[in-house]
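Below is one structure; the comments refer to it alone.
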Amino acid sequence: MDKSTHRVDVVEVHLEKHPNADSLSIVKVFGYTVCVRTSDWRDSMLGAYIPPDSIVPNTPMFSFLGEHRRIKVKKLRGIVSMGLLMPAPEGAKVGDNVAEQMGVTHYDPPVNASTGGDNCHPPEGFHPVYDVDSWRRYKHLFHEGEEIVATEKIHGANGRWVFINNEMFSGSHTGWKKYDPKILWWSALAQNPWIEAFCKTHPGVTLYGEVYGQVQDLKYGTVPGSYKVRIFDIMTLGNWWPYADVVKEAERSALELVPLVFRGPYNAVEMEKMSDGPSLIPGANHLREGIVVKPMVERTDPEIGRVQLKIVSNQYLERT
């Protein structure tokens, strides 16, 4: 199943008046707001919505962007515009994903560490790649008033660790890495011995977390060569632990968790506000990347599977 941040959805366009510019209009796409040039569109036309942090190809279609082919969030005459709306390819219909057809890919930020290394055989069992859909695309899956938890989304590199059959495994977002003390995930394991201690006392239990510090452009107050880890999920035999169980285990095993931003009844307006603000990591002197929202009681939905959504802060997306 394609994640929403990896899609270019075909949508029906409905223009709304821009309050500060007659030449611009506003189009609402799912939970996103996009500013467009009014003369380029008419109501009920089909558009292809390219979300922020996408990379568009160097083709004539996108030549107006010049060398700036990474799609970002911008303010246009006082209104936040999230992403880019282009005419849908001929023959496309509402709901189609035309990312491949248009040559649009997802932006993966570079990390300031060795992230190569050779892949090794995967550990026995089910330890899936971790990915989270956008709240702005699927926020209708939450119910007003249901108990939720919102945790800080840290700007780093996704990692996972498990101990099986007397062997320690260290993995990136997409692969399991052959032991090499120079690469990011094994370095992080060495610098955070509590991870291996937990894994060896809980064989077969997979820890999922964010490696941060000297990884990307937000450093969280760390010194050169330093890699920290915060855990955001635990899985056993293909089952995700409820958040309350993760917290209890963290207290027992001294696991370091991603910071808690909010726990309580869900309110869509408040969720978006919470995505902005300073990082809650001690020593960080910068903004947070956003938040991740999930129900206190684990559940799934046919549209996306596990219900868990990220809200990337507009302040973060506008920072460069």
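The values are calculated or read from the model by the stated rules, or taken from the named source; none is laboratory data. Predicted model only: the values in this text are computed from it and were never measured. When we count neighbours, we look across all protein chains shown, and the Cβ atoms used for this are built from the backbone with ideal geometry, even at glycine.
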Original post:
All but one of (1) under 30 Å from T236 (Cα atoms); (2) touching a residue at least 24 places away in the same chain (Cβ under 8 Å); (3) surrounded by fewer than 19 Cβ atoms within 10 Å (Cβ to Cβ) hold for N166; which doesn't?
Top reply: (2)
Original post:
Does any residue of the range 268-282 turn out to be out of contact with any Lys or Arg (no Cβ under 6 Å at 6 or more places or on another chain), within 19 Å of D233 (Cβ to Cβ) and surrounded by fewer than 16 Cβ atoms within 10 Å (Cβ to Cβ)?
Top reply: yes
**OP:** For the range 143-155, indicate whether the set of residues that are without any contact (Cβ under 8 Å) to a residue 60 or more places away in the chain and either farther than 17 Å from Y212 by Cα or hydrophobic (A, V, I, L, M, F, W, C) (or both) is non-empty.
**Re:** no
Original post:
Of all the strands (runs of 3 or more DSSP E) wholly in the range 165-259, which have at least 2 residues that are among the charged types (D, E, K, R) and in the same structural domain as V307 (by TED's automatic domain parsing)?
Top reply: 227-236
**OP:** Just give me the residues in the range 278-315 being out of contact with any helix residue (DSSP H, G or I) (no Cβ under 8 Å at 6 or more places or on another chain) and assigned to a helix (DSSP H, G or I), in sequence order.
**Re:** Q315
Original post:
If you go through the range 4-38 one residue at a time, how many are part of a loop (DSSP other than H, G, I, E, B), under 15 Å from M86 (Cα atoms) and hydrophobic (A, V, I, L, M, F, W, C)?
Top reply: 2
Original post:
Among the candidates E210, E196, which residue alone is buried (at least 19 other Cβ atoms within 10 Å of the Cβ), free of Cβ contacts under 8 Å to residues at least 60 places away in the same chain and of a type in the set (D, E, K, R)?
Top reply: E210
**OP:** Please go through the range 9-34 and pick out each residue that is over 22 Å from A92 (Cα atoms) and either surrounded by 21 or more Cβ atoms within 10 Å (Cβ to Cβ) or touching a Leu at 6+ places or on another chain (Cβ under 8 Å) (or both).
**Re:** H18, A21, L24, S25, I26
**OP:** Kindly establish whether D22 is acidic (D, E), free of Cβ contacts under 8 Å to residues at least 40 places away in the same chain and in contact with a strand residue (DSSP E or B) (Cβ under 9 Å, 6 or more places away or on another chain).
**Re:** no
Original post:
Which ones in the range 229-250 are loosely packed, with under 15 Cβ neighbours inside 10 Å and either closer than 18 Å to P193 by Cβ or basic (K, R) (or both)?
Top reply: K248
Original post:
Within the bounds of the range 151-161, is there any residue that is in the same structural domain as P295 (by TED's automatic domain parsing), surrounded by fewer than 20 Cβ atoms within 10 Å (Cβ to Cβ), at pLDDT 95 or above and assigned to a loop (DSSP other than H, G, I, E, B)?
Top reply: no
Original post:
What strands (runs of 3 or more DSSP E) lie completely within the range 39-140 and have 3 or more residues being modelled with pLDDT of 90 or more and more than 30 Å from P295 (Cβ to Cβ)?
Top reply: 46-50, 84-87
Subject >> Output for the range 295-320, where each listed residue is among the small types (G, A, S) and surrounded by 14 or more Cβ atoms within 10 Å (Cβ to Cβ) >> reply: S313
